[in-house]
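To keep things clear, I will list the structure first and then write my remarks on it.
The values are calculated or read from the model by the stated rules, or taken from the named source; none is laboratory data. Computed from a prediction, not measured in an experiment: that's the story for all the values here. Cβ placement follows ideal geometry from the backbone for every residue including glycine, while neighbour counts extend to all protein chains displayed. Accessible surface is based on the protein model in full, side chains and every heavy atom, while ligands, DNA and RNA are left aside. Shrake-Rupley method; radii C 1.70, N 1.55, O 1.52, S 1.80 Å.
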Amino acid sequence: MIKLVGLDLDGTLLNDNHVISNENKEIIDNLKELGIKVVLASGREIESMIWASSELGLDTPLIALNGAIVTDNKGEKILFGKSLNLKKIKDLFIDLYNDGRFMLIFFKDEVIATDNNDDYYNLFIKYSNVIPKRVNNVVKYLDDNNLWDSVYKIIFSDEEEVLVDLRDDLKDKLDEDYTLTFSMPFYLELNDSHVSKGNALEFVAKMYGIKSDEIMAIGDGENDLSMIEFAKVGIAMENAPDYIKERANYVTRSNMDNGVFHAIKKFIYNE
């Protein structure tokens, strides 16, 4: 019996207009009535998740920044946190910055952005409730504010082909303490290697005494794969890349066709 459902936001629970459909809201209300825990798990920062939790009336923890932070449903209390060891790769970070890469850097309560690309800056705002602080010299900002130990995630934003090449290059330069995943074709995300949505979902499940074979997880991105594979019932969206679909237990409809609603109907209500 499913006792917990882990849900990604963008491309999964949210449609392309970044809203939760009435069908998805209704089915989540039904899950709550059954006593099934619904846990939101996103690459987003906490502040960009609270509205969704509130709109759905959830009282469960929020999994943010790909699992780097887990908080209460209001984002006030940190239940788990794992920052990047950015000091260890400071020289590499500076090289990437000097190469003119557009980057978004995530702290617990703040996001900063390099000031070298208006298009990718504005693209992020479309997917977030947070307006990043544009910083003229990111390295100096980190130094001056002693923030090298406070970074939870870095996003590189560019064309997919460029990011694939960047990932291949970085894999040769990063050790086992770091992981790179795509959340969207234009977002390559750097986290600590112990950070994943799957690990965070396991952390939350243990809080409730729920086992992995009592969990369902639904997502569409590479950063969702860990929780899709951790859960007994791992669901990929129709709009997910093929390699995600191949490793899921089932492929539901797209985020524009209420895929979350249909997956829950099939596996929890047997309809």
Determine if segment 182-193 includes at least one residue that is open to solvent by 10 Å² or more (accessible area, probe 1.4 Å) and within 19 Å of Lys37 (Cα to Cα).
no
Working only within segment 1-15, note down all residues that are under 16 Å from the mean Cα position of the chain (by Cα) and charged (D, E, K, R).
Asp8, Asp10
Which listed residue is open to solvent by 50 Å² or more (accessible area, probe 1.4 Å) and not in a helix (DSSP H, G or I), from Glu55, Glu47, Glu26, Glu76:
Glu76
Failed condition for Asp95, given (1) at pLDDT 95 or above; (2) touching a Phe, Trp or Tyr at 6+ places or on another chain (Cβ under 8 Å); (3) open to solvent by 10 Å² or more (accessible area, probe 1.4 Å):
(2)
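Quick check: anything in segment 222-242 basic (Lys, Arg), part of a loop (DSSP other than H, G, I, E, B), out of contact with any Gly (no Cβ under 9 Å at 6 or more places or on another chain) and over 15 Å from Ile20 (Cα atoms)?
For segment 222-242, residues basic (Lys, Arg), part of a loop (DSSP other than H, G, I, E, B), out of contact with any Gly (no Cβ under 9 Å at 6 or more places or on another chain) and over 15 Å from Ile20 (Cα atoms): present.
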Looking only at segment 123-161, and only at residues there that are in contact (Cβ under 8 Å) with a residue 24 or more places away in the chain and β-branched (Val, Ile, Thr), the one that is surrounded by the fewest Cβ atoms within 10 Å (Cβ to Cβ)
Val139
Write out, first by first residue and then by second, each pair whose Cβ atoms fall under 6 Å of each other, whose residues are 6+ apart or on separate chains, and whose first residue, in segment 29-48, is farther than 21 Å from Glu189 by Cα and of a type in the set (S, T, N, Q) while the second is open to solvent by 10 Å² or more (accessible area, probe 1.4 Å) and at pLDDT 95 or above.
none
Which listed residue, of Asp169, Asp175, is of a type in the set (Asp, Glu) and part of a helix (DSSP H, G or I):
Asp169
Identify all residues within segment 243-271 that are within 15 Å of Leu31 (Cβ to Cβ), in contact (Cβ under 8 Å) with a residue 12 or more places away in the chain and either assigned to a helix (DSSP H, G or I) or under 20 Å from the mean Cα position of the chain (by Cα) (or both); write none if there are none.
Asn258, Val260, Phe261, Ala263, Ile264, Lys265, Lys266, Phe267
